[in-house]
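*Asks:* A single structure is presented below for examination.
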Ligand SMILES: [Zn+2]
């Protein structure tokens, strides 16, 4: 297990792409309270579809962390890698500041 060091500039996380459309290195969301084995990471449009929210008017820099009122979708900020693949995500409450800065710095679409 390798903890991701977000303090390094230009961190690229292998496999950080939408599991539906394949878009890479954009802001991704995941379902909160879902076991890692069932985890999917989704771009804004696929995440919004999943929770039946209209995200068409969301633009940078005003990207909300939560897409849905129930906060089912949370930003997908990986915490560590195993064998070069994402092994886990930070719990929403535990994402370190540098992790947030990394996620905020990714393009929306
Ligand atoms: Zn997608």
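*Asks:* Per 0.36 nm of contour for each residue apart, how much would the distance between residue 108 and residue 49 grow if the chain were fully extended, relative to their Cα-Cα spacing?
*Replies:* Additional length available on full extension: 19.7 nm.
*Asks:* So what is the relative contact order of the chain, in percent, for Cα pairs below 8 Å that sit 6 or more residues apart?
*Replies:* 32 percent.
*Asks:* Mind checking which of 98, 76, 48 has the largest fluctuation in a GNM of the chain, springs on alpha carbons under 10 Å?
*Replies:* Largest GNM mean-square fluctuation: 98.
*Asks:* Still on this structure: Give me Rg/Rg_expected for the chain, where Rg uses Cα atoms only and Rg_expected = 2.2 N^0.38 Å with N residues.
*Replies:* 0.99
*Asks:* 7 Å from Cα along Cα→Cβ at both residue 97 and residue 80: what's the point-to-point distance in nm?
*Replies:* In this crude spin-label approximation the distance works out to 2.4 nm.
*Asks:* For residue 58 and residue 34, calculate 0.36 nm times their separation in residues minus their Cα-Cα distance, and state this gained length in nm to one decimal.
*Replies:* 6.1 nm is the gain from fully extending residue 58 to residue 34.
Computed from the coordinates by the stated procedures, all read-outs in this text should not be read as laboratory data. Just so we're clear, the structure is a prediction, and the values are computed from it rather than from any experiment. Quick reminder, even Gly has a Cβ in these numbers, built from the backbone with ideal geometry, and neighbours come from all protein chains shown.
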